Every structure is written in C-alpha cells, then in structure tokens.
1. Non-local amide H neighbours of Tyr44 (under 5 Å, H modeled in plane, Pro and chain starts lacking H): which ones?
2. Can you pull the percent of region 79-128's accessible area that's carbon plus sulfur, 1.4 Å probe, other chains left in place?
3. Between Lys344 and Phe234, what is the label-point separation in nm under the 7 Å Cα-to-beta-carbon projection?
4. Which order do peptides 390-397, 80-87 fall in by mean Cβ count within 10 Å, highest first?
5. Tell me the label-point distance for the pair Ser55, Ala157, using the 7 Å Cα-to-Cβ offset, in nm and rounded to one decimal.
6. What is the percent carbon and sulfur in the accessible area of region 354-428, measuring with a 1.4 Å probe over the protein chains and ignoring ligands?
7. Where does the Debye-calculated log10 I(q)/I(0) of region 347-396 sit at q = 0.20, 0.22 Å⁻¹, using only Cα point scatterers of equal weight, no solvent?
8. Take the residue pairs Lys174/Lys409; Lys174/Lys311; Lys344/Lys384 and return only those whose Cα atoms are more than 23 Å apart.
Amino acid sequence: MRATVIFLKVSLLKRLSHRLNLTLSFASETWPASTEFIEDGFPYTDVPKRRRRNSERKAYVTPMKVLIERAKAERESRKAQPCRVLEEPPANGLLVPELVEVAHRVYQARGSLLFGLSQLVRVIPVLRCRLCNEVHIGYLGHEIRTCTGPDSFSRNATHIWTRGGVRDVVGFPKCFHLYDRVGKPRVGHDERSSIPRIPAIVELCIQAGLDLEKYPTKRRTKPVYCIEGRIVDFESVVKEDETAGRCSFVNDKPSSVNSSTLLNQPVEKVQNLLENNINRLDQLSDEERCKLRDLSNHTLNSWIEMSSGAKKIMEKYAVNTCGYCPEIQVGPKGHKLRMCKASKHQSRNGLHAWQEATLDDLVDPNYVWHVEDLNGPALNNNLKRYYGKAPAVVELCVHGGAPVPDQYKSMMRLDVVSPDRDEVDLVA
C-alpha cells in the first residue's frame with residue numbers, strides 16, 4: 001500500500017513538472033525559441049535564447065545522434081559501393097530546378113529591402129549604441145541596461161545612443177565565393193586574399209542558380225562521381241565556344257530592373273517626404289502617411305519573401321557557421337582559414353568549429369525591443385520582462401504603418417499590457 005502511494009505521488013510530480021515546462025513564464029526574460037501552434041491557430045515564435053557565456057557553443061540544428069547515425073550510414077554505403085554516381089542534386093554538382101526561380105526572387109527581394117530601408121530610416125529614427133551592437137527604433141533610447149561594451153560595469157550597463165543607419169537595421173555577413181562548390185568546396189588559408197568575399201545570401205543565390213557576371217561559377221551538365229569519399233569529375237572537356245555557350249553568365253541588370261520597377265510606385269510616393277526634410281512622423285499629413293504606409297508594406301513583404309525563400313534554399317544547399325563566432329560559409333564544407341579568435345581557438349589552431357547554420361546566421365535580424373508609441377517615454381529597465389522584441393526590419397516597418405505579421409505577434413507580446421513607470425513597485 002505504501003509503495004502504491006509513493007508511485008502515485010511520483011507520477012503526479014512528473015505530470016506537474018511537464019505542465020510547468022509548457023507554460024509561459026512572464027518573469028523570464030527569454031522564452032522557448034521553438035515554433036508551436038496555439039489553440040487559436042496562429043503560430044507562436046519567440047526570440048532565440050542568447051548564449052549565457054561567449055565560451056558556450058551554439059545549439060546544433062540537427063541533434064548529434066542524428067548526425068552520428070547519418071555519418072555511419074554514409075560510411076557503410078561507401079564501403080558497399082566505393083565508386084558510385086551521385087544522383088541527387090545539389091550534391092552531384094547539378095542545380096535543383098525548382099529552386100532556380102526562388103534564388104532569383106530572393107536576390108530581387110534583397111535589393112528591394114535595402115532600397116526601402118534606405119528610405120524609411122530617413123523618416124523613422126534608428127538609434128544604435130556607440131559601444132555595443134544594440135539597436136533601438138524610436139526618438140528616445142531605451143533605459144534597459146544590457147550594454148556589453150567597454151567600461152559597461154562603470155556605467156551600470158547603460159547604453160550611449162547615437163544615430164544609426166541601414167547597416168544597423170539588418171546585417172548580411174560575408175563569406176568566400178566558390179567557383180566550384182563541388183570540385184573545390186574549401187578555401188585554404190593562403191587563398192584568403194585572392195578569393196572575393198560577398199554577402200552570404202548572395203552566394204547562396206549564386207549556388208542555387210543565379211548567374212552574375214562579376215562572380216562566375218561552374219555549371220555542370222553531368223553528375224559527378226564519388227570514389228571512396230572523394231569527388232571526381234569525369235565530364236569530358238568541351239570546346240571553348242561550347243563551354244562559353246553552356247556556362248554563359250547572365251548579368252544581374254535584368255534582375256535590378258525588375259526590382260526597380262516593382263519599387264517605382266512607392267519610391268515616387270515617398271520622394272516628396274525626403275525633399276521636404278520631414279524627420280518626425282507627427283509632422284506628416286494624411287496623404288504622406290498613406291505614402292509611407294505603402295513603402296513600409298512593400299519593404300516588409302520583401303523581408304518576408306527574402307527570409308522564406310532563403311530558408312527554402314537552405315533545406316537543399318548546405319550553409320555552415322562557426323559554433324563560437326559569427327563566421328559563415330555557404331557550401332558543403334567550411335573554409336580552412338585559421339582566423340577564429342573565439343573560445344578554445346588555441347586547441348583548434350585557429351580553425352573554425354563548423355556546424356549547420358540557421359537563417360539568423362545567414363541574415364542577422366538584429367532583434368530590438370518593441371515600442372508601442374515612438375513619442376512615449378523610454379522603456380524602463382524594471383519592466384523589461386513585459387516588453388517584447390522583433391527584428392529591426394519588422395519594428396521599423398510596423399511604425400511606418402505596415403500591419404504586424406502573424407509570425408511576429410507573439411514575439412512582440414502584443415497581448416501583454418505593460419505597467420506604467422509609477423506602477424513598478426505594485427507589480428510582482
């Protein structure tokens with residue numbers, strides 16, 4: 001009888017702990033980063049958790065057990081068939097046909113996004129900290145003490161704000177351009193000066209089928225062979241004219257023309273705002289607010305299209321990032337440059353600890369605190385658990401008049417009513 005009672009208590013404790021893990025704690029500063037669906041049907045997303053220490057490695061996208069099982073299966077198949085033809089693209093050097101159009105759309109959306117942000121930052125204020133990477137959208141910088149710059153301890157981690165720009169709103173990390181992503185997927189340390197570095201999202205589009213005259217890449221018509229784990233290309237050497245005809249590199253001018261024609265109408269509408277030197281939203285008339293709203297909607301749609309398209313391409317084309325620093329490389333493998341200065345780099349001889357990258361590694365969203373009213377008081381440090389966050393692009397476009405996307409509503413905590421500054425002592 002006593003053993004039965006103990007068993008019932010243990011099972012009850014397990015159920016209670018499981019329920020507590022599923023509940024959302026408003027007292028915590030970070031929530032789970034996984035995407036779930038609430039009973040109402042809208043997606044739930046939250047800001048990814050920051051690493052507690054710089055020496056802590058980034059979380060693996062694919063569990064380590066799955067990676068080990070995948071490596072074992074590949075090694076067994078290699079032993080069973082040492083020489084084989086790789087059939088599935090893009091591992092065999094060929095393009096994935098359904099992703100070529102997606103790559104062109106992502107490249108055009110990136111151009112539209114940068115052009116729209118260059119117009120919005122002239123009307124909507126963007127602030128950045130002089131000593132760290134913190135960014136804020138608003139006329140007054142927030143009072144949340146999260147500065148990690150030099151001498152932050154003497155300032156109680158208070159930020160020192162200055163005017164920001166487009167580069168502070170969204171970041172595009174650079175990587176090495178690969179001419180042959182299958183035949184020579186790694187860049188050596190001695191080649192670091194001779195190979196150009198371009199934005200990683202542009203390199204991803206190039207490998208997925210985008211042709212730019214400035215950055216040529218090798219296009220194959222036949223799959224490559226895998227002999228004992230090494231890639232061998234037996235494609236016959238063709239004449240120069242046939243090679244030029246098959247590997248003709250299309251200039252990116254048509255893409256830029258298409259993106260500019262898409263932006264013609266919003267640019268014409270917002271042009272008079274810039275000519276009048278209007279730098280506050282409360283000085284806009286109803287007609288000017290409508291023009292700004294159209295530009296914000298177009299910029300936000302470009303951000304969503306670029307993010308969704310890049311995520312779709314990353315399901316097929318490999319993107320690697322260092323587990324300890326922001327370095328990124330698009331391709332089957334990471335480069336061999338001994339330039340990592342993060343934690344434990346001495347044991348790796350300066351090499352990067354490569355692992356699978358996420359969308360936030362490819363495009364830095366730069367999450368900022370959500371502000372309901374730009375003309376309101378600054379955010380209080382004691383009430384930071386009630387404030388939400390959002391990518392700086394989304395926050396900027398929302399203040400320009402664009403509707404809040406469903407995937408960011410829970411992240412911005414729109415359903416949470418934050419107390420006033422004089423009610424800090426009254427909340428638990």
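The values are calculated or read from the model by the stated rules, or taken from the named source; none is laboratory data. Keep in mind that this is a model prediction, so the values were computed, not measured. Here the Cβ is made from the backbone with ideal geometry for all residues, glycine too, and neighbour counts use every protein chain on show. Areas reflect the complete protein model, heavy atoms only, side chains present, ligands, DNA and RNA absent. Shrake-Rupley method; radii C 1.70, N 1.55, O 1.52, S 1.80 Å.
1. Residues meeting the amide H criterion: Glu36, Phe37, Ile38.
2. Ligands and nucleic acids excluded, carbon and sulfur reach 53 percent.
3. 4.2
4. Values: 390-397: 26.5, 80-87: 11.0.
Put in order of decreasing packing, that is 390-397, 80-87.
5. About 1.9 nm, to one decimal.
6. Values: 1490 of 3270 Å².
Taking all protein chains in place, region 354-428 shows 46 percent carbon and sulfur surface.
7. -0.79, -0.87
8. Lys174/Lys409; Lys344/Lys384
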